[in-house]
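Scroll down for the structure; my scribbles are underneath it.
The values are calculated or read from the model by the stated rules, or taken from the named source; none is laboratory data. All values reported here derive from a predicted model rather than from experimental measurement. Because the Cβ atoms are built from the backbone with ideal geometry, glycine has one as well, and the counts that use them run over all protein chains shown. Heads up: the accessible areas ignore ligands, DNA and RNA and are worked out on the full protein's heavy atoms, side chains in. Shrake-Rupley method; radii C 1.70, N 1.55, O 1.52, S 1.80 Å.
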Amino acid sequence: MEHAQEHEACLEQTQRYCVERPIYNQELLQGQLHRRERTPQTLRQKIAHSCRCSSKKAKSHLYSFLPILKWLPRYPVKEYLLGDIISGISTGVMQLPQGLAYALLAAVPPVFGLYSSFYPVFLYTFFGTSKHISIGTFAVISMMVGGVAVRQVPDEIIAVGYNSTNVTDYLEYYHARDAKRVQVAVTLAFLSGIIQLCLGLLRFGFVAIYLTEPLVRGFTTAAAVHVFTSQLKYLLGIKTNRYSGPLSVVYSIAAVLSKITTTNIAALIVGLTCIVLLLIGKEINLRFKKKLPVPIPMEIIVVIIGTGVSAGMNLSESYRVDVVGNIPQGLRAPAVPEIQLIPAIFVDAIAIAIVGFSMAVSMAKIFALKHGYAIDGNQELIALGICNSVGSFFQSFSITCSMSRSLVQESTGGKTQIAGALSSIMVLLVIVAIGYLFEPLPQTVLAAIVMVNLKGMFKQFGDVAHFWRTSKIELAIWVVAFVASLFLGLDYGLLTAVAFAMITVIYRTQSPQYRILGQIPDTDIYCDVKEYEEVKEYPGIKIFQANASLYFANSESYTSALKKKTGVDPCAILAARRKAQKRHARDIKATNKLRKKATNDVEAGVKHEIADDELPVNGKFASADASVQDMSPDEREHFMEPKTNIHSLILDFTPVNFVDSVGAKTLKSIIKEYTEVGVRVCIASCSGPVMNELTRLKFFEDTVTRESLFHSIHDAVLACQVKARSASQ
């Protein structure tokens, strides 16, 4: 067996191919190929074709819009149902406390977190294409929603007295404030949902690619810091205003520190106890993941214990611990969001829509790759858009995929969207039947749940060391996303990070790597001559490569790098040549004067004979040769060596994806300048789209023909060698 494997390995190592063919330039190659005939469609024909509807096409569109119609009839009950039930219950148990906790981040009463954990989750079952992600409340999105709600409806400083009238006014004010914030959050969900829906219908699912992994990780790490600081006041049981916008983290920390002496010890003890229990539970679930049939639902256990302790010890009255408070039973009647708020929150809605979609589709792709099925990015946009916009009519705020719940849903045996539907039904039972039981739940317990769930995001600080080793540019994107989101706020921070990420793309194309290529002996493979010892250059031929497209931003650097790498600067050569010609002319003039003087002086016969020896031979004078000898070393190098040593220059266009008008003019200028100093310029490995662009830009006119373009570097090298040999003969 081992010998057979070794034999196969040897065969693989010694496999060769030998192809005998002509040297192809583009002119010759295009002459031997026959293009397929394509009849271009008019705009009217395209519209008519897209509007044409058949039963098959209608069915396909319906299945695409409602994926449940495709997978539900084929649902294997015996194989999948048990796993989906266990997964749905496990995820639902997490949905409850997280829904209540993330409502605090969104600056709305906790019951609205339950609404957001029911309606969107249930709707996603019908419209979503991912079988494993858990839709619902998520810390980052909730924090962004809360920032907008606080900005539109800020806290006010109220002096609370002890008589009943002032307490009543205080409660009325906070009820009115919460109602206004709910309207802002609901309208934001409606608008972000409409944006997602429109992007999905217009097939704009690609927008998520602009949120690169380093950007998203830096952004979510900053969001974790925002979330953590916002929960400190609940953990400590102190009263501070909530801040949003630039430097909100600094203001929040300063406000907490200024009132640290008013810490509620009872709330702090309860909160820290819950944090310890949750961390222990998570560690047990992680270490014994393979042995436990389902993860220990520590969050719901902590909620139940916290609620029981609070009710039994009457923490709210006895120790003034803030509790969840009123949780109305039943579902609210649908209501239209306040449309007049849209202009003030439009930009925030765009940011929330894109971040929410990016989070969901990235997790969906991970699970789809792991389990071998496909997801549709555009349909995911439509699904999230419907979940947010329709859910907003039932008082839910913006949602997306939760990473922690998705991992639980997948690890506990979830196979389809049925698991998500079952988790939403569990939340519905709480809203309808037993929600009031959670009214004594201390807010510090919810803060503990939020803080512990940030553990995974805080681990992303390790990205700094990782990106330092792998890519400094990606490290810069991560740092900018983190710092900007931390100090400018999540909305402006995201915009800043996206802008910086695009600038890095421009920087990479504007400052590409340039190299001179050489041949691996006896092959048609060309590599960087500085990289490998075996790689050799052909005498008289320089092969130049830039790993970027040629356009307005890098055309100047391309030209300067070409001159520097090849050691041939046509402008310097021509300047040196003109300087030498001027010296030559001066020498001729001086010689003519000498001859004239010698002719008039009869007595200087010997001198006249010497002057005759200095007459021009083939247009050259001895004095002119002396002038070249008198040139500086730099002038002599540029004037003499390129003419004798380099006869051909090959531009490798393999990495070039596009060329604009400035790039085409630069290319023409390069060919013209090098031709003037006797260096032939060829272009190799030019792709079809780039060829078409050059044709549209009228590049192949006047002096430049397709005979200068070659199918490969090796074709160009062989052609240059043939040309050089024929020229020397």
Inset, instruction - Restrict the check to the range 224-241 and report whether at least one residue is farther than 18 Å from residue 322 by Cβ, free of Cβ contacts under 8 Å to residues at least 60 places away in the same chain and open to solvent by 20 Å² or more (accessible area, probe 1.4 Å). - result: no
Legend entry - Flag if residue 82 is farther than 30 Å from residue 444 by Cβ and surrounded by fewer than 14 Cβ atoms within 10 Å (Cβ to Cβ): yes
Inset, instruction - May I ask you to list pairs of residues, at least six apart or on different chains, whose Cβ atoms are under 6 Å apart, with the first in the range 250-273 being part of a helix (DSSP H, G or I) and the second being open to solvent by 50 Å² or more (accessible area, probe 1.4 Å)? - result: 251/243; 252/243; 266/319
Inset, instruction - For residue 487, indicate whether it is under 30 Å from residue 144 (Cα atoms) and either open to solvent by 60 Å² or more (accessible area, probe 1.4 Å) or of a type in the set (Lys, Arg) (or both). - result: yes
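Output the residues belonging to the range 289-300 that are of a type outside the set (Asp, Glu) and either assigned to a helix (DSSP H, G or I) or surrounded by fewer than 12 Cβ atoms within 10 Å (Cβ to Cβ) (or both). Let's see the steps before the verdict.
Within the range 289-300, the first condition is being of a type outside the set (Asp, Glu), and the residues that meet it are 289-298, 300.
Once the filter is applied, which keeps residues that are of a type outside the set (Asp, Glu) and either assigned to a helix (DSSP H, G or I) or surrounded by fewer than 12 Cβ atoms within 10 Å (Cβ to Cβ) (or both), the range 289-300 yields 289, 290, 291, 293, 298, 300.
Tell me, which strands (runs of 3 or more DSSP E) lie completely within the range 511-591 with 3 or more residues that are acidic (Asp, Glu) and either open to solvent by 30 Å² or more (accessible area, probe 1.4 Å) or touching a Leu at 6+ places or on another chain (Cβ under 9 Å) (or both)?
Numbers: elements: 514-519, 526-528, 541-546.
In the range 511-591, no matching strands (runs of 3 or more DSSP E) lie anywhere.
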Inset, instruction - Return the pairs, sorted by first residue and then second, in which the second residue is open to solvent by 50 Å² or more (accessible area, probe 1.4 Å) and of a type in the set (Val, Ile, Thr), the first residue lies in the range 444-468 and is over 15 Å from residue 282 (Cα atoms), the beta carbons are less than 8 Å apart, and the residues are 6+ apart or on different chains. - result: 464/479
Inset, instruction - Out of 33, 66, report the one residue that is on the phi < 0 side of the Ramachandran plot, touching a residue at least 40 places away in the same chain (Cβ under 8 Å) and out of contact with any strand residue (DSSP E or B) (no Cβ under 8 Å at 6 or more places or on another chain). - result: 66
Inset, instruction - Return yes when residue 430 is buried (at least 19 other Cβ atoms within 10 Å of the Cβ), under 28 Å from residue 133 (Cβ atoms) and touching a helix residue (DSSP H, G or I) at 6+ places or on another chain (Cβ under 8 Å) and no when it is not. - result: yes
Inset, instruction - Report, by residue number, each residue of the range 708-728 that is under 40 Å from the mean Cα position of the chain (by Cα) and assigned to a helix (DSSP H, G or I). - result: 708, 713, 714, 715, 716, 717
Legend entry - Unmet criterion (only one of (1) among the β-branched types (Val, Ile, Thr); (2) surrounded by fewer than 15 Cβ atoms within 10 Å (Cβ to Cβ); (3) closer than 24 Å to residue 682 by Cβ) for residue 503: (3)
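For the range 677-696, check the following and say yes or no: at least one residue is open to solvent by 60 Å² or more (accessible area, probe 1.4 Å) and part of a loop (DSSP other than H, G, I, E, B). Before you say what the answer is, go through the steps one by one.
Here is the first cut: in the range 677-696, the ones open to solvent by 60 Å² or more (accessible area, probe 1.4 Å) are 680, 689, 692, 695-696.
Filter again for part of a loop (DSSP other than H, G, I, E, B), leaving none.
Looking for residues that are open to solvent by 60 Å² or more (accessible area, probe 1.4 Å) and part of a loop (DSSP other than H, G, I, E, B), one finds none in the range 677-696, hence no.
Taking the conditions exactly as written (of a type in the set (A, V, I, L, M), part of a loop (DSSP other than H, G, I, E, B), in contact (Cβ under 8 Å) with a residue 60 or more places away in the chain and open to solvent by 40 Å² or more (accessible area, probe 1.4 Å)), does residue 422 satisfy them or not? I'd like the intermediate steps shown before the answer.
Working: of a type in the set (A, V, I, L, M): yes; part of a loop (DSSP other than H, G, I, E, B): no; in contact (Cβ under 8 Å) with a residue 60 or more places away in the chain: yes; open to solvent by 40 Å² or more (accessible area, probe 1.4 Å): yes.
Here the answer is no, as residue 422 does not meet what is asked.
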Legend entry - Which numbered condition residue 91 fails, given (1) closer than 30 Å to residue 707 by Cα; (2) hydroxyl-bearing (Ser, Thr, Tyr); (3) open to solvent by less than 60 Å² (accessible area, probe 1.4 Å): (1)
Inset, instruction - Report yes if residue 493 is buried (at least 19 other Cβ atoms within 10 Å of the Cβ) and either free of Cβ contacts under 8 Å to residues at least 24 places away in the same chain or out of contact with any Leu (no Cβ under 8 Å at 6 or more places or on another chain) (or both), otherwise no. - result: no
Inset, instruction - Can you tell me which residue among 239, 233 is among the charged types (D, E, K, R), assigned to a helix (DSSP H, G or I) and more than 29 Å from the chain's Cα centre (by Cα)? - result: 233
Inset, instruction - Please enumerate the residues belonging to the range 681-696 that are in contact with a helix residue (DSSP H, G or I) (Cβ under 9 Å, 6 or more places away or on another chain), aliphatic (A, V, I, L, M) and over 15 Å from residue 670 (Cβ atoms). - result: 691
Inset, instruction - Pairs only if they're at least six apart or on different chains, beta carbon under 8 angstrom, first in the range 561-583 and assigned by the TED database to the domain that holds residue 677 and at negative phi, second open to solvent by 30 Å² or more (accessible area, probe 1.4 Å) and part of a loop (DSSP other than H, G, I, E, B); list them, first residue then second. - result: 563/569
Legend entry - Counted residues, the range 130-158 - those being crowded, with 24+ Cβ neighbours inside 10 Å and over 27 Å from residue 221 (Cβ atoms): 1
Legend entry - Top-ranked residue in the range 301-330 [being of a type in the set (Ser, Thr, Tyr) and over 24 Å from residue 136 (Cβ atoms); ranked as surrounded by the fewest Cβ atoms within 10 Å (Cβ to Cβ)]: 318
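Select from the range 178-212 the residues that are part of a helix (DSSP H, G or I) and without any contact (Cβ under 8 Å) to a residue 40 or more places away in the chain and write down the one among them that is surrounded by the fewest Cβ atoms within 10 Å (Cβ to Cβ).
The extreme case among them is 209.
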Inset, instruction - Could you please find all residues in the range 283-318 being in contact with a Leu (Cβ under 6 Å, 6 or more places away or on another chain) and without any contact (Cβ under 8 Å) to a residue 40 or more places away in the chain? - result: 298
